[in-house]
Amino acid sequence: MSAATAMPSVRDRRRSDQRARLQAMREGGQPGQTSGRTRKWRRRLLRRTPIAIAAVSAAAGSLGAYAPSQTAEDVGGWSYETNLKTNPNYTRMNAALLTTSERMHKALAQEEGIRLTVYRDVAGYPTVGIGHLVLPEDGLRVGDRITREQAMDFLKADLAKAERAVADVVGNLKLYQHEFDALVDLAYNVGEGTLSPAKSPALNRAIASADYEGIAQELDYRFADGEVAGGLVHRSERRAQIFLEADYADVRPG
């Protein structure tokens, strides 16, 4: 190969220099430097990168949440695989690690309502707050009033009992969040003791054989004081719907 073909001609070099100068003039910079416009777009892209990654992460079910103080490097270090493995909406987990979801809280409040005066439920038991069965240690009688704060305290304590009861009865059987929620609702609605092998043998057999559809069939409790109660029928249907479909919507007509 000759020197004439290996090296660019003087004319070619001049044309190249002219193109560089024209490009720099259009962008407001100098040849060989990054223009102000380019730097501006790079800064904007860097600012948006963490938000974009966080949005994808949320859509994938990641447990991590984007915070304005995070940098692109922070968000880039997330592992979708790890997050999905620790997200009960996507991976069945040990029930002892789970707590009732906010969606179940709302469904429970919708089913039970909140009443600050002690009343008798459909089975005749003194009840108050969000379906709290009055206990002797509560020191309450039908007609007594409580505060909203007391109602929330009762709810918190009752949910903790129901969650422990579910964890005890399912043992090593792993659950999705919605499956756990449905069983918590069952324990909350009919009492923790109803989940025992003596009172619910079919439910416990289904749990022992990891028969999730069989478990769903045993969530149906519709009798109160020996009679079918319409409210319990709808609640049982909703409970099964939550367990099988992760659908927390009210099933009542209208």
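Of all residues in the range 185-220, those satisfying the criterion of being open to solvent by 10 Å² or more (accessible area, probe 1.4 Å), among the aliphatic types (A, V, I, L, M) and not in a helix (DSSP H, G or I) are Ala198, Ala210.
Would it be correct to say that Ala182 is at pLDDT 95 or above, surrounded by fewer than 16 Cβ atoms within 10 Å (Cβ to Cβ) and closer than 20 Å to Gln241 by Cα? The answer is no for Ala182. Checking every residue in the range 206-219 against the condition of being touching a Phe, Trp or Tyr at 6+ places or on another chain (Cβ under 9 Å), at pLDDT 90 or above and of a type in the set (Val, Ile, Thr) gives at least one match. Determine if the range 232-246 includes at least one residue that is assigned to a loop (DSSP other than H, G, I, E, B), at pLDDT below 95 and not aliphatic (A, V, I, L, M). Among the residues of the range 232-246, not one is assigned to a loop (DSSP other than H, G, I, E, B), at pLDDT below 95 and not aliphatic (A, V, I, L, M), which makes the answer no. Of the helices (runs of 4 or more DSSP H) lying entirely inside the range 30-140, those containing at least 3 residues that are open to solvent by 50 Å² or more (accessible area, probe 1.4 Å) and modelled with pLDDT of 80 or more span 102-112.
The set of residues in the range 151-170 that are open to solvent by less than 40 Å² (accessible area, probe 1.4 Å) and within 22 Å of the chain's Cα centre (by Cα) comprises Leu155, Asp158, Leu159, Ala160, Ala162, Glu163, Ala165, Val166, Ala167, Val170.
The values are calculated or read from the model by the stated rules, or taken from the named source; none is laboratory data. All values derive from a computational prediction rather than experimental measurement. As a convention, Cβ positions derive from the backbone with ideal geometry for all residues, glycine included, and neighbour counts pool all protein chains shown. Each accessible area value is taken on the protein alone, full model and side chains, heavy atoms only, with ligands, DNA and RNA left out. Shrake-Rupley method; radii C 1.70, N 1.55, O 1.52, S 1.80 Å.
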